[in-house]
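*Asks:* The structure's right below; bear with me while I get my questions together.
The values are calculated or read from the model by the stated rules, or taken from the named source; none is laboratory data. Please read all numbers here as calculations on a predicted model, not as lab measurements. Note that each Cβ is placed from the backbone with ideal geometry, even for glycine, and that neighbours are counted across all protein chains shown. Ligands, DNA and RNA are excluded from the accessible area calculation, which covers all protein heavy atoms including side chains. Shrake-Rupley method; radii C 1.70, N 1.55, O 1.52, S 1.80 Å.
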Amino acid sequence: MVQWSWRQFLQWSTGGLVAAALSDWVFFEKTLWAAAQDKDKQFYHACHICDCNCEMIYRIRNGRLGEMRGNPADKLGAAGKLCVKGYSAPRLYHDPCRLSYPLRRTNPRKGRDQDPAWKIISWDEAFSVVGEQFRRVYDQHGPDAIVLFARPKGWDVHLQSAIGTPNQLCHVDTCYINHEVVGNAVCGDRIWGWDFSHAKYILGFGYDQPGKSKNIHQREFMEARRNGAKIVIFDPRLSETAQKADVWIPIRPGTDTAALLAMIHVIVNEGLYDKEFVEKYTVGFDKLKAHVAKYTPQWAQRICDVPAQTLVQIAREFGSTRPATLAYHKRDAGGPVYM
């Protein structure tokens, strides 16, 4: 196996070969080795475009990344298939417009009409500039003055720890951070999977993952639909998912919480909740019941433009159907982490 230095690895990843699509060192190493050997070689990997990590099989032919397909042995939601993003990975890898060398801005003025006047520089110069700036900021202001924009994984975490900065931001903060917070508080960890295929009732507020080629959502969602599950989607727009639903409810944007409180009011007061589960695994149910007492469907109707009788009907169906699930990953109606 070919050996690559840390500097070479950074050159490949920073250059953007597949950093946004298949950012994994094993993939880099195998692909570059096969390309150097000019052999027709097959490899097994997992797609890293998103956190679904669908298993894949890809081939290197005549020094180029060619065929890429799902692994039939993958039984964890992908069902041996890739989404359109996974199938597009070779195009990203061989894109002639991808950045393959560092650029430095030479025009300090910024604005819509300003040309940044990018200049190609060497990797040595790029690392020197970054290192000097890191050192200058660190020495003058301490690690708290440094913010890393990267996902909290692997080398990113190591770099954050080495610098000693508590500041780390990434798209998760505006994507599904609420899921992580609630999951950790309620279950001790993030809730990541949904057993859609066995659900008899699926309820969603602004949920449109099946319309975004998320394998673990899209395939199981459609399987549930084929199995006869009832699907109800609250969404101001007629999304891809809403088009596949049995009932689409065009709720007023930003008022999902009012509808949810009214539904909880109905479920609690009519005793439609799982009493055994509540008694065995929860605390504070009496406080919840007292809290939602005033949030009637009639109250919610004035806020969210959904008829009170509709809210009552959906609440009764959801509360009395087993098993049922609330699809909430990356909901979009009022913003991914807005509720």
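*Asks:* For segment 45-70, how many residues are assigned to a loop (DSSP other than H, G, I, E, B), farther than 30 Å from residue 122 by Cα and open to solvent by 20 Å² or more (accessible area, probe 1.4 Å)?
*Replies:* Residues meeting the conditions: 4.
*Asks:* Does any residue of segment 124-136 turn out to be out of contact with any strand residue (DSSP E or B) (no Cβ under 6 Å at 6 or more places or on another chain), within 30 Å of residue 177 (Cβ to Cβ) and polar (S, T, N, Q)?
*Replies:* Yes, there is a match, as at least one residue in segment 124-136 is out of contact with any strand residue (DSSP E or B) (no Cβ under 6 Å at 6 or more places or on another chain), within 30 Å of residue 177 (Cβ to Cβ) and polar (S, T, N, Q).
*Asks:* Select from segment 206-237 the residues that are in contact with a helix residue (DSSP H, G or I) (Cβ under 6 Å, 6 or more places away or on another chain) and under 16 Å from residue 76 (Cβ atoms) and write down the one among them that is most open to solvent (accessible area, probe 1.4 Å).
*Replies:* 223
*Asks:* Condition first: in contact with a Phe, Trp or Tyr (Cβ under 9 Å, 6 or more places away or on another chain), closer than 20 Å to residue 258 by Cα and in contact (Cβ under 8 Å) with a residue 60 or more places away in the chain. Now tell me which residues in segment 225-239 satisfy that.
*Replies:* Across segment 225-239, the qualifying residues are 232, 234, 235.
*Asks:* Out of all the residues in segment 238-251, which are open to solvent by 70 Å² or more (accessible area, probe 1.4 Å) and within 25 Å of the chain's Cα centre (by Cα)?
*Replies:* 238, 240, 243, 244, 248, 250
*Asks:* Moving on to the next point. Restrict the check to segment 199-209 and report whether at least one residue is without any contact (Cβ under 8 Å) to a residue 60 or more places away in the chain and out of contact with any strand residue (DSSP E or B) (no Cβ under 6 Å at 6 or more places or on another chain).
*Replies:* No, segment 199-209 has no match at all.
*Asks:* Just checking, which of 285, 318 is within 26 Å of residue 196 (Cα to Cα) and aromatic (Phe, Trp, Tyr)?
*Replies:* Of 285, 318, the one residue that is within 26 Å of residue 196 (Cα to Cα) and aromatic (Phe, Trp, Tyr) is 318.
*Asks:* Collect the residues in segment 125-140 that are under 34 Å from the mean Cα position of the chain (by Cα) and closer than 15 Å to residue 164 by Cα, keeping them in residue-number order.
*Replies:* Answer for segment 125-140, where residues must be under 34 Å from the mean Cα position of the chain (by Cα) and closer than 15 Å to residue 164 by Cα: 134, 135, 137, 138.
*Asks:* Same structure again: Within segment 174-198, restricting attention to residues that are out of contact with any His (no Cβ under 9 Å at 6 or more places or on another chain) and touching a residue at least 12 places away in the same chain (Cβ under 8 Å), which residue is surrounded by the fewest Cβ atoms within 10 Å (Cβ to Cβ)?
*Replies:* Selected residue: 195.
*Asks:* Under 6 Å between Cβ atoms, at least 6 apart or on separate chains: pull out the pairs that start in segment 144-170 with a residue that is open to solvent by less than 50 Å² (accessible area, probe 1.4 Å) and end on any residue that is of a type in the set (Lys, Arg).
*Replies:* 170/151
*Asks:* Kindly evaluate residue 268 against the criterion of being under 25 Å from residue 185 (Cβ atoms), in contact with a Phe, Trp or Tyr (Cβ under 7 Å, 6 or more places away or on another chain) and assigned to a helix (DSSP H, G or I).
*Replies:* Answer is no for this residue.
*Asks:* OK, next. Which of the residues spanning segment 240-260 are touching a Phe, Trp or Tyr at 6+ places or on another chain (Cβ under 6 Å) and closer than 25 Å to residue 292 by Cα?
*Replies:* Of everything in segment 240-260, those that are touching a Phe, Trp or Tyr at 6+ places or on another chain (Cβ under 6 Å) and closer than 25 Å to residue 292 by Cα turn out to be 249, 251, 256.
Residues are listed down the side, and each one gets a yes or a no for (1) in contact with a His (Cβ under 6 Å, 6 or more places away or on another chain); (2) closer than 30 Å to residue 197 by Cα; (3) part of a loop (DSSP other than H, G, I, E, B):
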site	(1), (2), (3)
72	no, yes, yes
85	no, yes, no
90	no, no, no
96	no, no, yes
99	no, no, yes
110	no, no, yes
131	no, no, no
134	no, no, no
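*Asks:* Being closer than 25 Å to residue 156 by Cα and at pLDDT 55 or above narrows it down to one of 23, 5, 88, 100, so name that one.
*Replies:* That would be 100, the only listed residue that is closer than 25 Å to residue 156 by Cα and at pLDDT 55 or above.
The rows are residues; the columns are (1) in contact (Cβ under 8 Å) with a residue 60 or more places away in the chain; (2) within 20 Å of residue 327 (Cα to Cα); (3) β-branched (Val, Ile, Thr).
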| position | (1), (2), (3) |
| --- | --- |
| 259 | no, yes, no |
| 264 | no, yes, yes |
| 269 | no, no, no |
| 279 | no, no, no |
| 286 | no, no, no |
| 295 | no, no, no |
| 299 | no, no, no |
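*Asks:* Still on this structure, please answer the following. Residue 263 is checked against (1) at pLDDT 95 or above; (2) open to solvent by 90 Å² or more (accessible area, probe 1.4 Å); (3) touching a helix residue (DSSP H, G or I) at 6+ places or on another chain (Cβ under 7 Å) and fails just one. What number does that condition carry?
*Replies:* (2)
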